[in-house]
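The values are calculated or read from the model by the stated rules, or taken from the named source; none is laboratory data. Here the structure is a predicted model, which is why all the values come from computation and not from measurement. FYI the Cβ positions are ideal-geometry reconstructions off the backbone, even for glycines, and counts take in every protein chain you see. The area values use the complete protein model at the heavy-atom level, side chains included, leaving out ligands, DNA and RNA. Shrake-Rupley method; radii C 1.70, N 1.55, O 1.52, S 1.80 Å.
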Amino acid sequence: MTRVNDAQDSTPAPPETSIPQDMRSRVDQLHEKRRTVHDGPGEKATERQHAKGKLTARERIEALLDADSFVEVEGLRRHRATGFGLERNRPHTDGVITGWGKIDDRTVFVYAHDFRVFGGSLGESHAQKIHKIMDMAETAGAPLISLNDGAGARIQEGVTALAGYGGIFSRNVRASGVIPQISVMLGPCAGGAAYSPALTDFVFIVRDISQMFITGPEVVEAVTGEAVTHDELGGADVHSTRSGVAAFVHDDERECLEDVRYLVSLLPSNNQETPPVSDSGDPADRRNDSLTELVPAEPNRSYDMRAVLDEVADDGDYLEVHQHWANNVLCAFARIDGHPVGLIANQPQTLAGALDINASEKAARFVHTCDAFGIPLVTLVDVPGFLPGTDQEHQGIIRHGAKLLYAYCSASVPRVQVILRKAYGGAYIVMDSRSIGADVSFTWPSNEIAVMGADGAANIVFRKEIAAAEDPEQARADLTEQYREELMHPYYAAERGLVDDVIDPAETRHVLARTLEMLRRKKASLPHRRHGIPPM
Ligand code: HXC
């Protein structure tokens with residue numbers, strides 16, 4: 001059943017069997033007739049695909065899966081459409097290769113558009129093949145990976161093509177949070193070929209060869225007069241740095257597919273399974289002595305939070321999601337003591353780590369994803385607040401910031417918060433504080449937790465005293481210091497039970513490992529309801 005050879009896109013020979021000779025010759029005649037009418041894309045089409053720097057659908061499947069593990073489904077399927085010459089061109093597969101195989105010996109389901117057949121566009125049969133493989137993935141409780149290289153709805157098949165997309169979208173949503181759904185963008189993907197990925201959990205995109213748009217450049221120019229290239233409209237950099245549609249971006253297809261395998265290795269096969277454990281041999285009690293040096297004591301000095309992720313994760317390995325978008329917050333899958341975790345951390349290097357609209361959306365989505373698949377959350381906090389300004393207010397920071405709050409408040413996986421240096425205002429609450437349901441909260445000793453920074457606080461609370469003082473500047477400095485001394489230290493929060501312990505930064509990894517182990521069998525549930533109403 002395994003077929004990963006492009007040559008086999010032409011009509012496959014009938015199987016060798018011990019059928020009687022007269023029946024055999026009838027089968028051979030039938031085969032010959034079909035071969036001459038219905039052969040798939042020839043060598044020229046493959047050459048054109050390679051000339052664009054793209055692998056064929058079967059080469060991609062081969063690169064993605066464990067060797068010889070692919071089992072194809074409906075490789076003999078053809079479309080039944082008529083008109084516009086379609087009846088004279090009915091290649092096998094109908095432009096999509098579907099089946100299942102293994103990644104690190106775990107079952108996954110795959111569909112891959114074949115751009116060589118009608119530009120990978122989706123007609124009735126093509127859609128039904130995808131529907132079948134999606135249903136199989138859900139029934140088997142295994143991840144679904146789509147390798148997208150298609151032009152959207154097949155124009156010649158009209159409304160049946162549109163209905164085919166409807167069937168994909170509804171299945172994407174039905175499987176959401178049940179099995180991991182991963183979309184890999186490997187060509188110009190228009191219309192439905194862009195919308196289905198948007199409904200899945202992770203979108204990978206490869207530079208130069210991939211684009212995503214709802215309407216292509218020709219339509220854009222016809223309607224708006226704006227001349228724009230494919231890449232300017234919806235290339236990999238647009239979607240990985242500006243729109244936030246793509247979570248992962250790569251320069252090369254094979255490297256991209258290798259990262260898809262890495263992501264799968266960190267996820268459970270479905271929401272009923274626990275995430276896969278893999279012991280790297282990195283000791284759980286490894287000290288993080290360098291953290292005291294890495295994180296400056298002064299609350300306003302910048303540093304790279306990625307250095308902290310390096311320290312706490314097993315072997316310093318982690319997979320960052322949306323690495324180039326909303327960099328003021330970092331979201332990454334990693335392992336601690338062999339068990340997958342989702343790390344969410346403010347990044348002081350960008351916007352001083354303040355939360356804005358994009359950061360809130362990015363982190364909210366990540367929290368929801370981890371929660372759906374039973375992956376514990378570790379939140380590393382160093383946040384000056386929400387980003388102030390009319391731009392953010394007018395674009396709806398209240399609504400978008402609420403998404404992150406909503407995501408954390410509704411997450412029932414183990415949740416551990418570590419406050420590294422400072423946590424001010426609403427952003428302190430939002431970044432998984434005890435008050436919104438973190439199971440355990442730790443803080444480093446140098447920490448400041450408060451409604452706002454001491455300077456701002458003193459200016460508001462002691463305004464009258466400062467104005468009336470003989471030396472207002474001295475009074476401001478004294479009162480600021482007094483406020484800092486009395487309120488802005490971790491013991492103020494620890495005495496009130498709002499953090500569980502003040503820890504030595506060097507013990508952060510060990511403390512996290514022990515706490516996550518304690519929480520491994522956490523049971524928590526929300527009240528019964530059809531569903532909540534998130535601030536979408
Ligand atoms: C049928 C199509 C097709 C389509 C392309 N082809 N798009 N066939 N239906 N939608 C065919 C071409 O005729 C050509 O066939 C082959 O595929 C390759 O196309 P090219 O244009 O030569 O390739 P390229 O220059 O790389 O451009 C690719 C493209 C462009 C950017 C995808 O073809 C394009 O813009 N196509 C239209 C996209 C579109 O508007 N789709 C409908 C979206 S609406 P030959 O025989 O010459 O090799 C939709 C509905 C759901 O999807 C929406 C939900 C929100």
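Here the stretch 213-238 is the region considered, the condition is being of a type in the set (A, V, I, L, M, F, W, C) and in contact (Cβ under 8 Å) with a residue 12 or more places away in the chain, and the residue that is farthest from P197 (Cα to Cα) is V220. Restricting the first member to the stretch 460-474 and to residues that are under 23 Å from A450 (Cα atoms), and the second to residues that are assigned to a helix (DSSP H, G or I) and open to solvent by less than 100 Å² (accessible area, probe 1.4 Å), the beta-carbon pairs closer than 7 Å and six or more apart or on different chains are F462/L479; E465/A475; E465/L479; I466/P472; I466/A475; I466/R476; I466/L479. Of D382, D371, all but one fail to be open to solvent by less than 10 Å² (accessible area, probe 1.4 Å), charged (D, E, K, R) and in contact (Cβ under 8 Å) with a residue 24 or more places away in the chain; the exception is D382.
Okay, residues lined up against (1) hydrophobic (A, V, I, L, M, F, W, C); (2) closer than 30 Å to G316 by Cα; (3) assigned to a helix (DSSP H, G or I):
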residue: A457; (1), (2), (3): yes, no, yes
residue: Q474; (1), (2), (3): no, no, yes
residue: Y492; (1), (2), (3): no, no, yes
residue: L516; (1), (2), (3): yes, yes, yes
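With respect to (1) touching an Asp or Glu at 6+ places or on another chain (Cβ under 8 Å); (2) without any contact (Cβ under 8 Å) to a residue 40 or more places away in the chain; (3) of a type in the set (G, A, S), the lone exception for G244 is condition (2). Would you check if A227 is open to solvent by 40 Å² or more (accessible area, probe 1.4 Å) and within 11 Å of the ligand (Cβ to nearest atom)? Judged against the criteria, A227 is not a match.
For the stretch 241-261, the set of residues classified as of a type in the set (G, A, S), surrounded by 15 or more Cβ atoms within 10 Å (Cβ to Cβ) and more than 26 Å from D104 (Cβ to Cβ) consists of G244 only. State all residues of the stretch 346-385 that are aromatic (F, W, Y) and either closer than 23 Å to W444 by Cα or in a helix (DSSP H, G or I) (or both); if no residue qualifies, say none. Within the stretch 346-385, F366 is the sole residue that qualifies. Being of a type in the set (D, E), touching a Lys or Arg at 6+ places or on another chain (Cβ under 7 Å) and at pLDDT 85 or above holds for only one residue in D114, D94, and it is D94.
Across the stretch 139-159, the number of residues qualifying as within 14 Å of the ligand (Cβ to nearest atom) and of a type in the set (A, V, I, L, M) comes to 4. Within the bounds of the stretch 101-112, is there any residue that is open to solvent by less than 50 Å² (accessible area, probe 1.4 Å), of a type in the set (G, A, S) and more than 13 Å from the ligand (Cβ to nearest atom)? Taking every residue of the stretch 101-112 in turn, at least one turns out to be open to solvent by less than 50 Å² (accessible area, probe 1.4 Å), of a type in the set (G, A, S) and more than 13 Å from the ligand (Cβ to nearest atom). Evaluate the stretch 460-483: report whether one residue or more is under 14 Å from K422 (Cα atoms) and crowded, with 16+ Cβ neighbours inside 10 Å. No, the stretch 460-483 contains no residue that is under 14 Å from K422 (Cα atoms) and crowded, with 16+ Cβ neighbours inside 10 Å. Restricting the stretch 377-424 to residues that are small (G, A, S) and in contact with a strand residue (DSSP E or B) (Cβ under 8 Å, 6 or more places away or on another chain) leaves a set whose member that is nearest to A513 (Cα to Cα) is A411.
For the stretch 323-334, how many residues are open to solvent by 10 Å² or more (accessible area, probe 1.4 Å) and touching a strand residue (DSSP E or B) at 6+ places or on another chain (Cβ under 7 Å)?
1
Residues of the stretch 170-191 that are more than 22 Å from V264 (Cα to Cα) and either open to solvent by 10 Å² or more (accessible area, probe 1.4 Å) or among the β-branched types (V, I, T) (or both): S170, P188, A190, G191.
Taking helices (runs of 4 or more DSSP H) as the structural unit, those lying wholly within the stretch 252-331 and holding at least 3 residues that are within 14 Å of the chain's Cα centre (by Cα) correspond to 253-266. Could you please find all residues in the stretch 335-382 being over 17 Å from W325 (Cβ atoms) and of a type in the set (V, I, T)? Of everything in the stretch 335-382, those that are over 17 Å from W325 (Cβ atoms) and of a type in the set (V, I, T) turn out to be I336, V341, I375, V378, T379, V381.
Taken together, the criteria place V220 among residues that are outside any strand (DSSP E or B) and either open to solvent by 60 Å² or more (accessible area, probe 1.4 Å) or within 11 Å of the ligand (Cβ to nearest atom) (or both). Please find, within the stretch 230-240, the residue that is farthest from the ligand (Cβ to nearest atom) out of those that are in contact with a strand residue (DSSP E or B) (Cβ under 7 Å, 6 or more places away or on another chain) and open to solvent by 10 Å² or more (accessible area, probe 1.4 Å). If we take residues in the stretch 230-240 being in contact with a strand residue (DSSP E or B) (Cβ under 7 Å, 6 or more places away or on another chain) and open to solvent by 10 Å² or more (accessible area, probe 1.4 Å), then H239 is farthest from the ligand (Cβ to nearest atom).
Residues in the stretch 192-212 that are within 11 Å of the ligand (Cβ to nearest atom) and either touching a Lys or Arg at 6+ places or on another chain (Cβ under 8 Å) or open to solvent by 20 Å² or more (accessible area, probe 1.4 Å) (or both): Y195, A198, L199, I209.
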